[in-house]
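Student: Please read through the structure below; I'll follow up with questions.
All of the numbers you see were taken from the coordinates with simple rules; none came from a lab. Remember, predicted model here, so these are calculated numbers, not experimental data. Cβ placement follows ideal geometry from the backbone for every residue including glycine, while neighbour counts extend to all protein chains displayed.
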Amino acid sequence: MITALILAAGSGTRFGSGSFPKQFSEIGGRPLFVHSVQTYVRIAEVDKVIIVVNPQLIDQTTDALKKYDLYSQVTVAVGGETRQVSVQNAAELLAEDEMGAEDIVILHNSVSPNTSAKFIHICLSAMSDSDAVQACVADTRTVFEVDGEFVGRVLPRSNLVYNCDPTIYRGDVFDHILKAQKQLGMSGDTTSDTARELGYRIRLLHSGYDNIKVTNQWDLAAVRAAMGLS
């Protein structure tokens, strides 16, 4: 079974979008999260799509899903105060039994609306011999490690990438990560943190620069240009 968890519970405080978080910003007249949901419901191999929703915006989210005929094709989960809690909440809707090695769980930020189905298929194919797959883009900038108000050291670009969507786990690996976070009090902000602590190897797959996660207004302008929509 392949399940896609679309994370749309953030508050968007860095984005500065006013009363609504960034996932409600529109491209082509549709909220960002709608584009992400549409991508996954159209992938035949994906058996289930779960969208994790800001608890204060459940009505607005479900209204948008109904408007674009998506509501019957997704399961809505209530998000938590942190990403980790939101993922845990969504995972409770997956199955009563433990997930096995034959299962696949995809994590996708709702504000990455331009991740192509073709690239998602490439990532899924890589799972045949991987614990996990993380999409990434090579960093082209010079990155400094900070030492107070000074440059601590310059990090070599050849060893640096930044993450993009999706992140994919084998079902038994994902199940182990969630149980470890609960039982051992692991507090990594992402599942990748915990996966590394547990000794799993995360395979990196390079994506194009048009696979943009919207964090600020500049990102929104960039993804609009990449999608050819206003």
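Student: Determine the relative contact order of the range 2-227: mean sequence separation of Cα pairs under 8 Å and six or more apart, normalised by residue count, in whole percent.
Tutor: Worked out over the range 2-227, it gives 23 percent.
Student: Stick to the Cα atoms of the range 139-230, pair each with every other, and give me the Kirkwood hydrodynamic radius in Å at one decimal.
Tutor: Averaging 1/r across every pair of different Cα atoms and inverting gives 16.3 Å.
Student: Now for a different question. Within 10 Å of each residue's Cβ, count the other Cβ atoms and sort L93, L5, L184, L70 from fewest upward. Each step should come with its number before you reach the end.
Tutor: Numbers: L93 14, L5 26, L184 11, L70 19.
Fewest-to-most ranking of L93, L5, L184, L70: L184, L93, L70, L5.
Student: In which sequence would I50, I43, I168, I202 go, from the one with the fewest C-beta neighbours within 10 Å to the one with the most?
Tutor: I43, I202, I50, I168
Student: In whole Hz, with x marking every Gly and Pro, tabulate ³J(HN,Hα) for the range 213-230 from phi via Karplus 6.51 cos²θ - 1.76 cosθ + 1.60, θ = phi - 60°.
Tutor: Per residue, the Karplus-derived 3J(HN,Hα) values read 8, 7, 10, 9, 5, 5, 4, 4, 4, 5, 6, 4, 5, 5, 8, x, 10, 9 Hz.
Student: Report the residue, chosen from V111, V143, V76, that carries the largest GNM mean-square fluctuation when the chain is represented by alpha-carbon nodes joined by springs under 10 Å.
Tutor: Of V111, V143, V76, the most mobile in the Gaussian network model is V143.
Student: Considering the values [x] 12.6; [y] 14.5; [z] 13.6, which represents mean projected area of the Cα convex hull in nm² as calculated for the structure under consideration?
Tutor: [z]
Student: Oh, and also: Calculate one ³J(HN,Hα) per residue across the range 161-167 by plugging θ = phi - 60° into the Karplus curve 6.51 cos²θ - 1.76 cosθ + 1.60, and present them in order as whole Hz with x for glycine and proline.
Tutor: Taking θ as phi minus 60°, the curve returns 9, 10, 7, 9, 9, x, 10 Hz for the range 161-167.
Student: Based solely on its DSSP helices, what 222 nm [θ] is calculated for the chain when runs of n ≥ 4 H residues each add -39,500 (n - 2.57) and the sum is averaged over all residues, nearest 500 deg cm²/dmol?
Tutor: Using -39500 (n - 2.57) per qualifying helix, the result is -9000 deg cm²/dmol.
Student: Magnitude of the Cβ-charge dipole of the range 2-227, K/R +1 and D/E -1, about the Cα centre, nearest 20 debye?
Tutor: 720 debye
Student: Mind telling me which of F144, F119, F24 comes out most flexible in a GNM of the chain, alpha-carbon contacts under 10 Å?
Tutor: Per the Cα network of the chain with a 10 Å cutoff, F144 tops the list.
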